[in-house]
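Please read the structure below before turning to the comments.
The values are calculated or read from the model by the stated rules, or taken from the named source; none is laboratory data. In this text, all values refer to a predicted model and were calculated from it rather than measured experimentally. Every residue, glycine among them, receives a Cβ derived from its backbone with ideal geometry; neighbour counts consider all protein chains shown. With ligands, DNA and RNA removed, areas are computed over all heavy atoms of the protein, side chains included. Shrake-Rupley method; radii C 1.70, N 1.55, O 1.52, S 1.80 Å.
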Amino acid sequence: MNRLIGIGTDIPSIREKLPADFDTTFYPDTATFLQNIQQHHFLDELILLKGARPFAFEHIARRLEQKAHKTVLEVNLTALVHNLNVYNRLLRPGTKMLAMVKASGYGSGSAELAKLLEFHHVDYLGVAYADEGIELRQAGVNLPILVLNPDPSGFDAMYRFRLEPEVYSLPLLDELIHYAGQEKHLAIHLKLDTGMHRLGLEPLDIQIVAEKLTANPNLEVKSVFSHLSASDAPQHDAFTHRQAAAFSDMYAPIAAALGYAPLRHIVNTGGIARFPEYHFDMVRLGIGLYGVDSGGLQDQLRVVNTLKATISQIKTIEPGETVGYNRNGPVDRPSRIATISIGYADGFLRLAGNGRYSVLVQGRRAPTIGNVCMDMTMIDVTHIPVAREGDEVVILGENPTVQELATCLQTIPYEVFTNISERVKRVYWQE
Ligand SMILES: *Cc1c(COP(=O)(O)O)cnc(C)c1O
């Protein structure tokens with residue numbers, strides 16, 4: 001904390017309790033502060049705004065947000081916790097919860113979410129790369145963290161930051177054994193390929209893995225897991241059952257050789273509701289946390305992410321005119337065209353252009369017109385006379401939904417979320 005702005009008649013008395021060189025400013029009320037807000041330069045700062053209701057600090061929040069954000073991804077943390085609990089309720093007592101926060105929390109921002117998830121007692125976090133795990137440790141996250149794609153060049157960092165690698169092949173196991181030597185104790189997780197055919201140890205590897213681990217007891221197997229290819233797809237349920245059976249068959253000899261029972265886990269979001277019999281000791285929740293489920297729970301989930309832009313300019317154009325690159329159109333009536341502050345570089349892809357998608361302005365949907373540009377998009381607001389420059393525009397959220405944008409972009413919500421580029425500010429809020 002490097003400065004305090006106090007508002008109210010009593011708060012100045014805190015001054016004498018603070019170090020002499022601590023920067024403080026006081027105002028008698030919120031209105032006076034707002035009149036003087038330009039005297040404060042807020043830059044690259046994290047601001048905690050805290051006060052009793054009568055002070056109406058939401059006016060300050062609104063003013064600060066206007067300054068800072070044009071295009072934002074608002075992340076509703078209350079909704080995220082709600083979603084976590086929807087899945088928690090489906091677990092038997094004692095079944096653990098691993099929350100996937102890979103790819104920057106599916107685009108929502110990993111450190112912020114990880115800390116919240118830790119506060120709400122998830123048991124494990126999952127990331128794709130060691131670097132993502134290190135970022136969480138540096139942000140003060142203490143939960144055990146599983147790293148799905150460990151690289152030998154990162155073993156030392158993983159060890160120092162207490163990150164737990166997935167071991168998916170014999171060569172990787174050999175490298176870890178070599179790295180660990182005699183003295184290092186390493187927590188690892190064995191990934192089994194039961195039919196997904198991505199990463200994983202195969203049935204023929206199991207005997208050798210068991211022998212190597214028996215010879216190297218300083219490698220502690222925290223869990224043995226696999227991944228389902230189609231947990232949310234009824235037409236593949238027979239295959240899912242075969243994967244689960246193969247998993248149990250491969251697990252048994254490993255546990256027997258180790259002489260202890262590592263955690264078993266196989267289901268992701270899509271499988272949590274559909275396959276309670278395969279929860280085993282832990283489930284791995286990903287996209288469901290972020291408000292999307294295809295395993296039958298969608299109705300119970302809440303929207304976490306809302307992607308917003310603003311209207312930068314509105315112009316009226318005549319019939320026969322065209323909008324944007326390559327002169328698409330022309331329009332056949334006098335039209336009000338709004339330029340909004342989001343483009344394909346933000347993750348709003350060109351496939352959404354030329355009327356194939358519409359966004360929400362003043363409670364009504366407005367279609368795109370012309371091609372999506374790198375940083376901007378034009379929308380037709382002729383039918384929304386109340387639309388004004390500066391208005392907020394919802395790209396995805398409650399309406400339109402991420403599913404709708406995903407369909408338009410010929411993809412899935414996972415890809416839409418993780419495509420929202422880093423330059424789009426993430427704003428976290430709680431109800
Ligand atoms: C991403 C991932 C998950 C989570 O999948 P969702 O479908 O988002 O729930 C679980 N396990 C593994 C191994 C993953 O890579």
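For the reader, a short list of remarks on this structure follows.
- Summed over region 90-105, the residues that are within 11 Å of the ligand (Cβ to nearest atom), farther than 20 Å from V427 by Cα and small (G, A, S) give a count of 1.
- The lone criterion from (1) outside the structural domain of H197 (by TED's automatic domain parsing); (2) open to solvent by 10 Å² or more (accessible area, probe 1.4 Å) left unmet by A230 is number (1).
- Top-ranked residue in region 295-328 [being among the small types (G, A, S) and farther than 18 Å from L396 by Cα; ranked as farthest from the ligand (Cβ to nearest atom)]: G320
- Any hit, region 348-362, residues being touching a Gly at 6+ places or on another chain (Cβ under 7 Å), free of Cβ contacts under 8 Å to residues at least 40 places away in the same chain and outside any loop (DSSP other than H, G, I, E, B): no
- Residues in region 143-187 that are within 16 Å of the ligand (Cβ to nearest atom) and over 26 Å from the mean Cα position of the chain (by Cα): 2 in all.
- When the criteria are applied in full, L258 fails the requirement of being under 30 Å from G347 (Cβ atoms) and of a type in the set (A, V, I, L, M, F, W, C).
- Of everything in region 69-89 that is open to solvent by less than 50 Å² (accessible area, probe 1.4 Å) and polar (S, T, N, Q), the residue that is farthest from the ligand (Cβ to nearest atom) is T71.
- Put simply, of V221, V267, V283 the only residue that is at pLDDT 95 or above, more than 16 Å from the ligand (Cβ to nearest atom) and either under 15 Å from M196 (Cβ atoms) or of a type in the set (V, I, T) (or both) is V221.
- Restricting attention to region 387-404, the residues that are out of contact with any Ser or Thr (no Cβ under 9 Å at 6 or more places or on another chain) and open to solvent by less than 60 Å² (accessible area, probe 1.4 Å) add up to 3.
- Scanning region 276-310 for residues that are hydrophobic (A, V, I, L, M, F, W, C) and in contact with a Ser or Thr (Cβ under 7 Å, 6 or more places away or on another chain) returns M282, V283, L285, I287, V304, A309.
- Where a residue in region 304-315 is without any contact (Cβ under 8 Å) to a residue 60 or more places away in the chain and its partner, wherever it lies, is of a type outside the set (A, V, I, L, M, F, W, C) and open to solvent by 30 Å² or more (accessible area, probe 1.4 Å), with Cβ under 8 Å and at least six apart: K315/R336
For every residue, the table says whether it meets (1) closer than 28 Å to L136 by Cβ; (2) at pLDDT 90 or above.
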site	(1), (2)
T32	no, yes
Q38	no, no
H41	no, no
F55	no, yes
R62	no, no
K67	no, no
L73	yes, yes
L98	yes, yes
V101	yes, yes
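- Screening the candidates A261, A273 for the property of being more than 9 Å from the ligand (Cβ to nearest atom), out of contact with any Lys or Arg (no Cβ under 6 Å at 6 or more places or on another chain) and touching a residue at least 24 places away in the same chain (Cβ under 8 Å) yields one hit, A273.
- When residues of region 159-188 are limited to those that are of a type in the set (D, E, K, R) and in a helix (DSSP H, G or I), the one nearest to N216 (Cα to Cα): D174
- Residues that are surrounded by fewer than 20 Cβ atoms within 10 Å (Cβ to Cβ) and hydroxyl-bearing (S, T, Y) within region 180-227 comprise just one, T214.
- Some residue of region 19-39 being touching a strand residue (DSSP E or B) at 6+ places or on another chain (Cβ under 6 Å) and hydrophobic (A, V, I, L, M, F, W, C): yes
- Test: residue in region 26-49 that is outside the structural domain of G288 (by TED's automatic domain parsing) and in a strand (DSSP E or B): yes
- Residue in region 329-344 that is within 16 Å of the ligand (Cβ to nearest atom) and touching a helix residue (DSSP H, G or I) at 6+ places or on another chain (Cβ under 7 Å) present: no
- Candidates Y278, Y290, Y251, Y260 - the one that is in the same structural domain as G107 (by TED's automatic domain parsing), aromatic (F, W, Y) and surrounded by fewer than 21 Cβ atoms within 10 Å (Cβ to Cβ): Y260
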